[in-house]
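To start, the structure under review is shown below, and the notes come after it.
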Amino acid sequence: MRVLGIETSCDETGVAVYDAHRGLLAHRLHSQVALHAPYGGIVPELASRDHIRRLTPLIHATLDDAGLTLSQLDGIAYTAGPGLIGALLVGASVGHSLAWSLGRPVVAVHHLEGHLLAPLLESPALTPPFLALLISGGHTLLVEVRELGRYRILGESIDDAVGEAFDKVAKMLGLGYPGGPALEKLARAGDPARFRFPRPMTERPGLDFSFSGLKTCVMNTLAKTAATDQDKADIARAFQEAVADTLAIKCRRALRQTGLKTLVAAGGVCANQTIRQRLQTVAETEGARLFLPRPEFCTDNGAMIAFAGCLRLQAGQREGLAIQARARWSL
Ligand code: KG4
Ligand code: ZN
């Protein structure tokens, strides 16, 4: 079975073809980062319009890469949510139209399921059950993945998502959008011993997270310094250390509570090297295996949607004619 995957939930247009036997045949991504950068954040209307412009050419280019024509596809999968509603509607409309015109089945994929299953794209040895840490711009979740479609949320952020906190702190430090990568770069020049920020919600039991208090710490600390480049780098470092430690503490706790011996991390924030290393240490000390997708599969992409869609189509799931798009949709 060959499935075309379409991702348009936010600011990346992603397209991929996944073959159930041969794996990922091709994938392409168009990032809107440059489009939104002058506004310091994502402008939803611009995102929708850009997806409209980019999606069809991207589908053709991806099929060319795979050496396939539209008629050689066996199914279509698209991200149906959660995300920006206008952006989602673009992928959903194109997905349904293509499927209808080709007479092929179409399936709506949950964006977070895509992220959760992304590590399986490259690691055939990885099978559920496993513990997944999902850290992106919109979500911070610890999930027990029992099998395809059976997920138990163990913990989540009660306020900001990790990526959102990175982006907001980066803004305070005068860094551009998106803030995560810029903050990581700045933190490399920071002195880890100068400031220490709290590790929120690690003192009490439970697996939920909170990151908004860290923002306040950054703001207060910044106000007390001269805000030189070195001050900012030291603050960025302290913030990143606090986040990485917090994630590591909760992952260790979740591994112990569930008895699971496989940890999978996904979502855009997994591109962060300090966080990757800290999770590696947790896995080593807990005798667990760690699966981290390569950075291009950590952030939004079409490959994870094609893959998750292929599994769902193989399981017999299909949509009717009605387009599915939900800005909010719990896992
Ligand atoms: O998964 P993703 O591409 O999009 C969704 O939110 O679904 O994640 C984007 C988030 C942004 O908040 C971005 O700042 C953050 O991931 N991010 C990073 C890094 N690269 C991306 N955060 C910290 N360090 C990074 N290197
Ligand atoms: Zn995402």
ask   = Going through the range 50-85 one residue at a time, which ones are part of a helix (DSSP H, G or I) and within 23 Å of the chain's Cα centre (by Cα)?
value = Asp50, His51, Ile52, Arg54, Leu55, Leu58, Ile59, Thr62, Ile85
remark   = Reported set for the range 298-331 where residues are surrounded by fewer than 22 Cβ atoms within 10 Å (Cβ to Cβ) and within 16 Å of ligand 2 (Cβ to nearest atom) is Arg326, Ala327, Arg328, Trp329, Ser330, Leu331
task = For the range 8-27, enumerate the residues that are crowded, with 23+ Cβ neighbours inside 10 Å and either more than 16 Å from ligand 1 (Cβ to nearest atom) or among the aliphatic types (A, V, I, L, M) (or both).
result = Val15, Ala16, Val17, Tyr18
Matching residues in the range 91-121 - criterion: being within 16 Å of ligand 1 (Cβ to nearest atom) and among the hydrophobic types (A, V, I, L, M, F, W, C) = Val109, Leu112, Leu116, Leu117, Ala118, Leu121
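For Gly5, are the conditions met, namely being within 17 Å of Leu117 (Cβ to Cβ), in contact with a helix residue (DSSP H, G or I) (Cβ under 8 Å, 6 or more places away or on another chain) and not basic (Lys, Arg)?
Details: within 17 Å of Leu117 (Cβ to Cβ): yes; in contact with a helix residue (DSSP H, G or I) (Cβ under 8 Å, 6 or more places away or on another chain): yes; not basic (Lys, Arg): yes.
When the stated conditions are applied, Gly5 passes them.
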request  = Please go through the range 246-297 and pick out each residue that is aromatic (Phe, Trp, Tyr) and within 16 Å of ligand 2 (Cβ to nearest atom).
outcome  = Phe297
inquiry  = Condition check: under 16 Å from Ser157 (Cβ atoms), part of a helix (DSSP H, G or I) and assigned by TED's automatic domain parsing to the domain that holds Gly163. Does Ala242 satisfy that?
reply    = yes
inquiry  = For the range 264-331, give me every one of the helices (runs of 4 or more DSSP H) that falls completely inside it and has 2 or more residues that are more than 16 Å from ligand 1 (Cβ to nearest atom).
reply    = 273-286, 302-314
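Name the residue that is nearest to His139 (Cα to Cα), counting only residues in the range 245-263 that are free of Cβ contacts under 8 Å to residues at least 40 places away in the same chain and part of a helix (DSSP H, G or I). Before the answer, list the steps.
The first filter runs over the range 245-263 and keeps only residues free of Cβ contacts under 8 Å to residues at least 40 places away in the same chain, leaving 248, 252, 256, 259, 261.
Filter again for part of a helix (DSSP H, G or I), leaving 248, 252, 256.
Working: Ala248: 17, Arg252: 19, Arg256: 23 Å.
Out of the qualifying residues, it is Ala248.
Of Val143, Val169, which residue is among the aliphatic types (A, V, I, L, M) and within 16 Å of ligand 2 (Cβ to nearest atom)? Let's see the steps before the verdict.
Values: Val169 fails: within 16 Å of ligand 2 (Cβ to nearest atom).
After ruling out the rest, the residue left standing is Val143.
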query = Filter the range 162-208 for residues that are within 17 Å of Ile275 (Cβ to Cβ) and of a type in the set (Asp, Glu); which is nearest to the chain's Cα centre (by Cα)?
reply = Glu164
query = Does Leu88 satisfy being modelled with pLDDT of 95 or more and over 16 Å from the mean Cα position of the chain (by Cα)?
reply = no
message = Residues that are surrounded by fewer than 17 Cβ atoms within 10 Å (Cβ to Cβ), at least 2 per element: which strands (runs of 3 or more DSSP E) completely within the range 113-219 meet that?
response = 140-147, 150-156
ask   = Does the range 34-49 hold any residues that are outside any helix (DSSP H, G or I) and surrounded by fewer than 16 Cβ atoms within 10 Å (Cβ to Cβ), and which are they?
value = Gly40, Gly41
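The values are calculated or read from the model by the stated rules, or taken from the named source; none is laboratory data. Not measured: the values here are computed from a predicted model. FYI the Cβ positions are ideal-geometry reconstructions off the backbone, even for glycines, and counts take in every protein chain you see.
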